[in-house]
Amino acid sequence: MEKSNCVNHEAAKVFLTAEWKHLAMLNYVIEPSLLKEFVPAGTELDSWNGQTFVSMVGFLFLQTRVLGLPIPFHRNFEEVNLRFYVRRKAEDGWRRGVVFIKEIVPRAAIAWAARNFYNEPYIALPMAHKTVGLSDSVRSVEYSWSFGGKQNALSIVTKGKPEPLRECSESEFITEHFCGYNAQLNCSTLEYRVEHPRWRIYQTAEARFYCDVAGLYGRQFCDCLSGKPSSAFLAEGSMVTVRKGARIPR
């Protein structure tokens, strides 16, 4: 897959570093028209083999530092997000990235800061996770959150050992979008770079997702997210670097 670069990514200062670990990814084919209202200005939907995807992703956010500083009581936490994939044509070619529809974390301060300073669609809900197995041989993971008095969760049971990504595979398409795009209140679009090595992935024996989709994400996602995912896998994760964003040219 062609690697993408983002606006001045080499010169941009580091905004955040963290370890992303045990990324459970459930991927669903969706009708592109359902995402039209969420596509940031200057980008277009990206696809793989003619199909458009949304992904439910749960993972651990560990050892978090913002501008090089650890934030007390906010370094380690869960996150679950619903995301889709876009691309942008720039002078150096196509830049491929991710857009978040909603991001759930258990820390109210994180959600407040992300919403108010970056217009990121974060909310704070009570969350928990369970992991079975050793760090080098994960057998299952579950991420759960409480919404409207009910428990919601996504989980994966793995099979075998982690394997390298296959070139031109669906899992490579899902994991290797290295830009983030975020619509701003003034209708501009912020682009930022996320840097990490290629992740190894576990194949999946079982994947489950139960959630108040209509309440959290909107009724337009009910049919898509209530069906069987096109794919599901667990990525090992790694240390990541998020660089400071910049407005993209109009």
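Here is how the numbers come out for the structure above:
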item	result
Dipole magnitude of the chain, debye to nearest 20 (Cβ charges: Lys/Arg +1, Asp/Glu -1, about Cα centre)	440 debye
Hz values of 3J(HN,Hα) by residue in the stretch 232-239 - Karplus curve (6.51, -1.76, 1.60), Gly and Pro given as x	8, 7, 10, 8, 4, x, 5, 5
Normalised contact order of the stretch 106-209, rounded percent, pairs of Cα under 8 Å and 6 or more residues apart	23 percent
Given charges at beta-carbon only (K, R positive; D, E negative), |dipole| of the stretch 91-202 in Debye	520 debye
Given the chain, longest segment not containing exposed loop GluC sites (Glu not before Pro) (DSSP; at most 11 other Cβ within 10 Å)	168-250
Candidates per trypsin sites (Lys or Arg not before Pro) in the stretch 119-184, loop by DSSP, up to 12 other Cβ within 10 Å	R166
Residue-count net charge about H129 - beta-carbon cut-off 13 Å; Lys, Arg +1, Asp, Glu -1	-1
Trypsin sites (Lys or Arg not before Pro) lying in DSSP loop within the stretch 179-212, provided at most 13 other Cβ fall within 10 Å	R198
Calculated FRET value between E206 and K89, using beta carbons and R₀ = 45 Å, to 0.05	0.70
Tensor-based shape of the stretch 190-250 (alpha-carbon gyration tensor, a/c under 1.5 rounded, otherwise prolate or oblate)	oblate
Mean separation of Cα contacts under 8 Å, 6 or more apart, over the residue count of the chain: relative contact order %	26 percent
Solvent-accessible surface (1.4 angstrom probe) belonging to C168, in square angstrom, nearest 10	90 Å²
Sequence of D46, D223 from largest to smallest accessible area, 1.4 Å probe	D223, D46
Listed pairs K36/K130; K21/K130; K21/K102; K21/K161; K13/K102; K21/K159 exceeding 24 Å between Cα atoms	K36/K130; K13/K102
Net +/- balance of residues flanking V242 in space, Cβ distance below 9 Å, scoring K and R +1, D and E -1	+2
Relative contact order (%) - the stretch 57-164, alpha-carbon pairs under 8 angstrom, separation at least six	17 percent
23 Å tail of the calculated P(r), the stretch 53-202, as % of Cα pairs	45 percent
³J(HN,Hα), Karplus 6.51/-1.76/1.60, whole Hz, each residue of the stretch 152-167, x for Gly, Pro	10, 7, 10, 8, 9, 10, 8, 9, x, 9, x, 10, x, 4, 8, 4
Calculated SAXS-style log₁₀ I(q)/I(0) at q = 0.14, 0.16 Å⁻¹ - the chain, Debye, Cα scatterers	-0.96, -1.32
Candidate aspartates and glutamates - alpha carbon under 16 Å from K89, same-chain residues fewer than 8 apart omitted	E2, E44, D46, E191
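The values are calculated or read from the model by the stated rules, or taken from the named source; none is laboratory data. Predicted model only: the values in this text are computed from it and were never measured. Cβ atoms come from the backbone with ideal geometry, glycine included; neighbour counts cover every protein chain shown. Only protein heavy atoms, including side chains, enter the accessible area calculation; ligands, DNA and RNA are left aside. Shrake-Rupley method; radii C 1.70, N 1.55, O 1.52, S 1.80 Å.
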